[in-house]
Amino acid sequence: RTGDVAAASLYQKGVDFLYQSRYLESVVPLHEAVDADPSFAMAHARLAEAHMYTGHDREALDSVRKAMDNLLAHSERLTHADRTFITALNGRINNRPEESIRAYEEMLADKGRHVITCVIRLFNSCN
């Protein structure tokens, strides 16, 4: 996460483009987000993802390295889901499928626990 409002806004714009499969358009706002807050690990990760999808392998490697560096330096700023996402992406970009698979399995397990918790809360609210 970031405390910089401009970085957060640019990050969200870039992520919105990623979700719309507008990968080339996502690069500029994500790049501006990491310029605004160089310690914003998720912005580096999403920029790496955009570069990966556009075939810019060298840039993807550089951005995911910066994401990992920031994850290690500022892990307390990141949610568990963000740390796991960055780890999975790092494995994918660096051709370490075992690392990615472990991280994706962890993400799925966490998602399952979240769904169960939501169902229990919903059930309890109906009674």
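The values are calculated or read from the model by the stated rules, or taken from the named source; none is laboratory data. Here the structure is a predicted model, which means the values were calculated and not measured. Backbone-built Cβ (ideal geometry, glycine too); neighbour counts: all protein chains shown. Quick note on the areas: whole protein, heavy atoms, side chains included, nothing else; ligands and nucleic acids left out. Shrake-Rupley method; radii C 1.70, N 1.55, O 1.52, S 1.80 Å.
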Treating only the Cβ atoms of Lys and Arg (+1) and Asp and Glu (-1) as charged, compute the dipole magnitude of the chain about its Cα centre; round to the nearest 20 debye. 380 debye
Pick out which of Arg83, Arg96, Arg46 has the largest mean-square fluctuation in a Gaussian network model of the chain, springs linking Cα atoms closer than 10 Å. Arg96
Got the relative contact order for the chain handy, in percent, Cα pairs under 8 Å and 6 or more residues apart? 17 percent
With θ set to phi - 60°, apply the Karplus curve 6.51 cos²θ - 1.76 cosθ + 1.60 along the stretch 77-88 and write out the HN-Hα couplings as whole Hz, x wherever there is a Gly or Pro. 7, 9, 6, 4, 4, 5, 4, 5, 4, 4, 4, 5
Taking N as the residue count of the chain, its alpha carbon Rg divided by 2.2 N^0.38 Å gives 1.14
Using a Gaussian network model of the chain with C-alpha springs under 10 Å, which one of Ala36, Ala88, Ala109 is most mobile by mean-square fluctuation? Ala109
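Roll a 1.4 angstrom probe over the protein heavy atoms and tell me the percent of accessible area of the chain that is carbon or sulfur.
Result for the chain: 58 percent of the exposed heavy-atom area is carbon or sulfur.
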Test of understanding: what is the full-extension gain from Thr54 to Ser21, defined as 0.36 nm times their sequence separation minus their Cα-Cα distance? 10.8 nm
